[in-house]
Structure formats: structure tokens, C-alpha cells
There are 2 protein chains.
Amino acid sequence: MDMQAFSGKPDDRLPRYQQMRDDLVRRLAQGEWAPDTAIATEAELGQFYNVSTGTVRKAIDLLVADGVLTRTQGKGTFVRRPRFDSSLFRFFRFKSVDGKPVRPTAKVLRREIVKPNEAIRSTLQLKGSDKTIHLSRVRLIEGRPVLSEEIWLPRNRFEALTGLRLGDFEDLLYPLYERLCRQIVASATEILNVEQATEDDAALLGIDVGSPVILVQRVAADFAGTPIEWRTTRGAASGFQYQVDIR
Amino acid sequence: MDMQAFSGKPDDRLPRYQQMRDDLVRRLAQGEWAPDTAIATEAELGQFYNVSTGTVRKAIDLLVADGVLTRTQGKGTFVRRPRFDSSLFRFFRFKSVDGKPVRPTAKVLRREIVKPNEAIRSTLQLKGSDKTIHLSRVRLIEGRPVLSEEIWLPRNRFEALTGLRLGDFEDLLYPLYERLCRQIVASATEILNVEQATEDDAALLGIDVGSPVILVQRVAADFAGTPIEWRTTRGAASGFQYQVDIR
DNA sequence: AAGTGGTCTAGACCACCCG
DNA sequence: GGGTGGTCTAGACCACTTT
């Protein structure tokens, strides 16, 4: 493969399709192609990297399997915009009174600039002096609180959020991140635990003290894999269900 | 592709690599290749189905992605034996008193031949007159009960288990299924829910009534996708943790 | 009609495993 | 050294979308 095609230093010991994949990820992280737009065609990529079509396809296969790209026959290969907003539906089954599935609305209760604790600092890979924006949200269905969320963001990347009025935050934060702060969430890791409701949980969620509560801890990252958001979500376990398919 | 190679009737509209995948699944389900043994080499498969190496590899890629086969360079392509015994480790973190991870032992408390209820009958795709073998197990760590399990099996496939003494059941059931009943578990679906401990749960697991309990409901299937086991597992939610990686 | 990804070929050479 | 899967080529033709 033509090494001139790379700005980085690819590892020659790796197969060409993996080197090519790595370089494509780098170009994606640099914003060379925006979400929902087509990347270069397979023929162009083959010329650029000086590899054959089979190798191009194998490199793209990896990124499609990772959920980074999608292919559409006759149209092109597109940068996939992850839809995390349905993420909680994998855990909680929210229905309105008439039984139809609904998306909870959101209300930001508090916003503050804080020094993160050690766990958040290390997870978000912050330096000792870096501060974070801390949001407290409640999510509601038909006015009834169902989830409570705590969110921490690195201040330097999300400065634009400090000027927004609390009432102007939208239900979905990730489109806001992208529009106001040019931060795109490309992947996330979530850890589930079960706790027993504290008095605060009980009052907010309208459940009994000590009844089961699901805690979802999420770390979201950009295309380069750099963590950009830490979020905890709590909800009554009575609405919880999750399905796993094993090979 | 040479249609003589197929016993079934492949759909000509499908790509050859998908037809080939379907036929390989059929041959696996028929037991043509046993778990942990090598299937025919890629060259042989290419000759047999009259396709080129690239197409053979693509068909096998699908089965590897499904977890049905594994490839080992220089050795061959092998039928994968799923290791479900570590499955619960994805949900529960079991440690002994010295902090090392351990596998719980098992003790069968009860075995009976019963008419299944409607939910189990339909899930296991049984006819109205078919009976099931019902096992009640408890799983222990260092003698302390940590999980309670209820298992239902179609009687006709698992007749051999009715003659086994309760003390002769082993910690792991799936090797037993395979050895005594020639039933191989190839895949499973698990659904997680959170409940509050009943008095029975509390007494068995040594926890407080009403404290959170994880309920895992598993349906296990053979290579052909036919369900062969229904299982519920209950354990204290305090030992529960689960991680999900998104795109 | 032109351009895109989807399928498929008929090889080649390499890396690894085992006797 | 012989056999296996892993990588890669340089095309061909097909199915689909857009102009």
C-alpha cells in the first residue's frame, strides 16, 4: 500500500486492510467526512491507498461491523450517526397510559461548574486543574418523573452550554452537543447495577424507599475514542427489562 | 453453484455464499461435524459447492460471526462449542472469601415429570400431550446458596435424565445433555428482570424479604434453532453487574 | 446512461501448525 | 514439507440509484 497516503505512521506488520481502517478512522475523527454524508467511493479509496477492491471492501467491512459506516447499494458509503436516544429503551420499557411506547421528556434542574471527583477526572482523562459542567436532569412521561440523571462534561469542550438558559435545553442532549459544541458522540459503554432506592430516589421517582432501582453508568466517546461525557441514570427497576442473545 | 451439492432446495435468488451458509448450517444441525472437530477445508468446500475461495470464505465468515465456527490458521475451521457455563459471569460477580472468582457448585433438589404450563409449552414448541422434565437446582459458593434455578426440558429428548440419581447430576448440565441425551446447546436468549425477594427467595438466598433479586430467563436452542431448554435463575441483585458496549 | 455498492472469480503468496 | 487458513490482486458482471 502506498505509504504516502497516510499522515500517521501505520504499522507495516498489520494487514493493509487494517492499516487502511485505522487511517479511515483517523480521517473520520478529524471530521473529514461529516455524519450522514458519503465518504469517498470504493474505487477512489482503492486508487488513493493503492489497493484492490477486495481490500477496500474488507477495510470498510470492519467499520460497518463497528457501526461507524453504513453501505447503501447504488448510493454510497455513509458515516453513521448513532441514535443513542433509543438507548434507554433497551433497558426500560416506557409506555404511556394507553400502552403506546413514548420517549420521556427532559427537564434540567441544575447546572454548575465543579471540580470533578477523582473517578470522573480519571474516566474523562482530565488534568488536575480541569473543571466540569455538571447537569442534573429528570426525565418524565406525561409529567411523571421516571428517570433521574447526573451528567458531567469536560468544561473546555462544552463551554457553549454554560450560556444556555436551563429552559432551552432540549430533550435530547446529543444533537445539542453536536450543534452548539461540535462534539459528536460516536460510541459509549454502559454498566448496569441494581441499587435500593434512597429517600431522595424514592421522593423523586415516586417509589418506596428500599425498592429496587436500576443504575446505568454511561461513558460516551467521540470518533477518536476520547471520553467526552460521564452520565448516570437511575430508574425504578419495575420498568426494567433487558434481552441478551448468546451466540 | 452446483445445485447437486444441496440436499435441500436453496433459494436461487439468494447469493451463493448465503445459500452455502444455509447448507452448512443444515449439515451442522444433522451432526455431520461434531463440536470441537474440523469441518472440510476451504479448498474442499470450494470444490464441493463449485465456488471460488473468496465465496467459501464469505460463507464461513457469516458462521464465524454467528459464533458457530472458529478458524485457526494452519489447523482448520472448527465447530465451536459454546461455553455457557461462564454465561452467568456476565451478570453476577461471584467471588470466594479470598476474592478470587469461583464457579458455583450445583445441587439438584427435585426432579419431576410434569405437564408444562402454557407459556413453557409454547416456548418449547410442545404438543398438548407432551410432558416435561422439571429440575429444581440451587447453586452454591463455599456451601452458601447464591442462585436458585428452575429448568424445564422436553421429556422425549431428555428421557435419559429420568434414570439418573439426583446426586449424580454434575455442576454443568450442558455436557450432561450432550453425553447422555445427545442434545447440543448451540445458542440461547436470555431476558433479565428485577424482582423483589419473596419469603422463599429470602430464605434460600439468605437475603431480606423485598430486597432486589435478578431474574434471568433463558431459552436454549440446538443448531437448528429448535428450543430445547427453558431455565429461570434467581440471584441477589447485590452481586449483579452487566456491561454493554454500544456501536 | 452513468455511477454506486454487491457478488464472484481464479488464482497468487504469506504465516502458521504439525508430523 | 505439506497442509491449513490469512491476505491480496485485477479484474468481471449484477443490482440498485440517480441524472
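I'd like to check which helices (runs of 4 or more DSSP H) are fully inside the stretch B:138-223 and have at least 1 residues that are farther than 22 Å from B:D36 by Cα. Walk me through it before giving the result.
Working: elements: B:155-158, B:173-181, B:199-205.
Passing ranges, in order: B:155-158, B:199-205.
Give the residues of the stretch A:86-98 that are open to solvent by less than 90 Å² (accessible area, probe 1.4 Å) and over 25 Å from A:V244 (Cβ atoms), sorted by residue number.
Going through the stretch A:86-98, the residues open to solvent by less than 90 Å² (accessible area, probe 1.4 Å) turn out to be A:86-92, A:94, A:96.
Within the stretch A:86-98, A:S96 is the sole residue that qualifies.
Go through the stretch A:28-40 residue by residue and tally those that are over 17 Å from the mean Cα position of the chain (by Cα) and either open to solvent by 70 Å² or more (accessible area, probe 1.4 Å) or more than 12 Å from DNA strand D (Cβ to nearest atom) (or both).
6
Name every residue in the stretch A:71-85 that is surrounded by 14 or more Cβ atoms within 10 Å (Cβ to Cβ) and within 11 Å of another protein chain (Cβ to nearest Cβ), in order of residue number.
If the condition is that a residue be surrounded by 14 or more Cβ atoms within 10 Å (Cβ to Cβ) and within 11 Å of another protein chain (Cβ to nearest Cβ), then A:R80, A:R81, A:P82, A:F84 are the ones that fit.
Filter the stretch A:69-93 down to the residues that are among the hydrophobic types (A, V, I, L, M, F, W, C) and more than 13 Å from DNA strand C (Cβ to nearest atom) and list them by number. It would help to see each step written out before you state the result.
Of the stretch A:69-93, the ones among the hydrophobic types (A, V, I, L, M, F, W, C) are A:69, A:78-79, A:84, A:88-89, A:91-92.
Listed by number, the residues that qualify are A:F84, A:L88, A:F89, A:F91, A:F92.
State yes or no: is A:T198 of a type in the set (S, T, Y), open to solvent by 50 Å² or more (accessible area, probe 1.4 Å) and within 14 Å of chain B (Cβ to nearest Cβ)? Spell out how you get there, then give the answer.
Values: of a type in the set (S, T, Y): yes; open to solvent by 50 Å² or more (accessible area, probe 1.4 Å): yes; within 14 Å of chain B (Cβ to nearest Cβ): yes.
Yes; evaluated as a whole, the condition is true for this residue.
Here are some residues: B:I214, B:I151, B:I141, B:I184. Which one is touching a residue at least 24 places away in the same chain (Cβ under 8 Å), surrounded by 19 or more Cβ atoms within 10 Å (Cβ to Cβ), out of contact with any strand residue (DSSP E or B) (no Cβ under 7 Å at 6 or more places or on another chain) and β-branched (V, I, T)?
Values: B:I214 fails: out of contact with any strand residue (DSSP E or B) (no Cβ under 7 Å at 6 or more places or on another chain); B:I151 fails: out of contact with any strand residue (DSSP E or B) (no Cβ under 7 Å at 6 or more places or on another chain); B:I141 fails: surrounded by 19 or more Cβ atoms within 10 Å (Cβ to Cβ).
Just one listed residue meets the conditions, B:I184.
If we only count strands (runs of 3 or more DSSP E) wholly inside the stretch A:42-125, which ones have 2 or more residues that are away from DNA strand D (no atom under 16 Å from the Cβ)?
Numbers: elements: A:69-72, A:76-79, A:105-114.
It comes to A:105-114.
Being open to solvent by 70 Å² or more (accessible area, probe 1.4 Å) and either within 13 Å of DNA strand C (Cβ to nearest atom) or within 30 Å of B:N193 (Cβ to Cβ) (or both) is the filter; apply it to the stretch A:42-51 and report the residue that is nearest to the other protein chains (Cβ to nearest Cβ). Spell out how you get there, then give the answer.
Narrowing the stretch A:42-51 to residues open to solvent by 70 Å² or more (accessible area, probe 1.4 Å): A:43-44, A:47-48, A:50.
Those still in the list that are either within 13 Å of DNA strand C (Cβ to nearest atom) or within 30 Å of B:N193 (Cβ to Cβ) (or both) too: A:43-44, A:47-48.
On the way: A:A43: 19, A:E44: 22, A:Q47: 21, A:F48: 23 Å.
Going through the qualifying residues, I end up with A:A43.
If A:D23 satisfies every condition in (1) within 11 Å of DNA strand D (Cβ to nearest atom); (2) charged (D, E, K, R); (3) open to solvent by less than 50 Å² (accessible area, probe 1.4 Å) but one, which is the exception?
Going through the list (1) within 11 Å of DNA strand D (Cβ to nearest atom); (2) charged (D, E, K, R); (3) open to solvent by less than 50 Å² (accessible area, probe 1.4 Å), A:D23 breaks only (1).
How many residues does the stretch B:108-139 contain that are within 18 Å of B:L161 (Cα to Cα) and hydroxyl-bearing (S, T, Y)? Before the answer, list the steps.
Filtering the stretch B:108-139 down to residues within 18 Å of B:L161 (Cα to Cα) leaves B:108-116, B:124, B:130-138.
Going one step further and asking which of them are hydroxyl-bearing (S, T, Y), we end up with B:132, B:136.
Adding up the residues that qualify gives 2.
Which of the residues belonging to the stretch A:224-247 are part of a loop (DSSP other than H, G, I, E, B) and within 8 Å of chain B (Cβ to nearest Cβ)?
Passing the criteria: A:Q241, A:R247.
Could you please find all residues in the stretch B:181-194 being within 14 Å of chain A (Cβ to nearest Cβ) and under 17 Å from B:Q30 (Cα atoms)? Even if it seems obvious, please write down each step before you answer.
If we filter the stretch B:181-194 for residues that are within 14 Å of chain A (Cβ to nearest Cβ), which is where we start, we get B:184-194.
Answer for the stretch B:181-194, where residues must be within 14 Å of chain A (Cβ to nearest Cβ) and under 17 Å from B:Q30 (Cα atoms): B:I184, B:V185, B:A186, B:S187.
Provide a single number: the residues in the stretch A:127-138 that are under 22 Å from A:A221 (Cβ atoms) and either open to solvent by 30 Å² or more (accessible area, probe 1.4 Å) or in contact (Cβ under 8 Å) with a residue 40 or more places away in the chain (or both).
Going through the stretch A:127-138, the residues under 22 Å from A:A221 (Cβ atoms) turn out to be A:127-128, A:130-135, A:137.
After this cut, where a residue has to be either open to solvent by 30 Å² or more (accessible area, probe 1.4 Å) or in contact (Cβ under 8 Å) with a residue 40 or more places away in the chain (or both) as well, the list is A:127-128, A:130-131.
Number satisfying all stated conditions: 4.
Answer yes if at least one residue in the stretch B:159-172 is touching a residue at least 40 places away in the same chain (Cβ under 8 Å), under 20 Å from the mean Cα position of the chain (by Cα) and within 14 Å of chain A (Cβ to nearest Cβ), and no otherwise.
Scanning the stretch B:159-172, I find no residue that is touching a residue at least 40 places away in the same chain (Cβ under 8 Å), under 20 Å from the mean Cα position of the chain (by Cα) and within 14 Å of chain A (Cβ to nearest Cβ), so the answer is no.
Any residue at all in the stretch B:118-131 that's more than 27 Å from B:F158 (Cβ to Cβ) and away from chain A (no Cβ under 14 Å)? Give the derivation first.
Looking only at the stretch B:118-131, we keep the residues that are more than 27 Å from B:F158 (Cβ to Cβ), and these are none.
Checked the stretch B:118-131: no residue is more than 27 Å from B:F158 (Cβ to Cβ) and away from chain A (no Cβ under 14 Å).
Conditions (1) within 13 Å of DNA strand C (Cβ to nearest atom); (2) charged (D, E, K, R); (3) under 30 Å from B:E190 (Cα atoms), marked per residue:
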| residue | (1), (2), (3) |
| --- | --- |
| A:D23 | no, yes, no |
| A:A29 | no, no, no |
| A:T53 | yes, no, no |
| A:R57 | yes, yes, no |
| A:G67 | no, no, yes |
| A:K95 | no, yes, yes |
| A:E112 | no, yes, no |
| A:K115 | no, yes, no |
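Which of the numbered conditions does A:E178 fail, given that it passes all the others? Conditions: (1) within 21 Å of the chain's Cα centre (by Cα); (2) within 14 Å of chain B (Cβ to nearest Cβ); (3) open to solvent by 50 Å² or more (accessible area, probe 1.4 Å).
All conditions are met except number (2).
The values are calculated or read from the model by the stated rules, or taken from the named source; none is laboratory data. Because the structure is predicted, anything quoted here is derived from the model rather than measured. Note that each Cβ is placed from the backbone with ideal geometry, even for glycine, and that neighbours are counted across all protein chains shown. Accessible surface areas use protein heavy atoms only, side chains included; no ligands, DNA or RNA. Shrake-Rupley method; radii C 1.70, N 1.55, O 1.52, S 1.80 Å.
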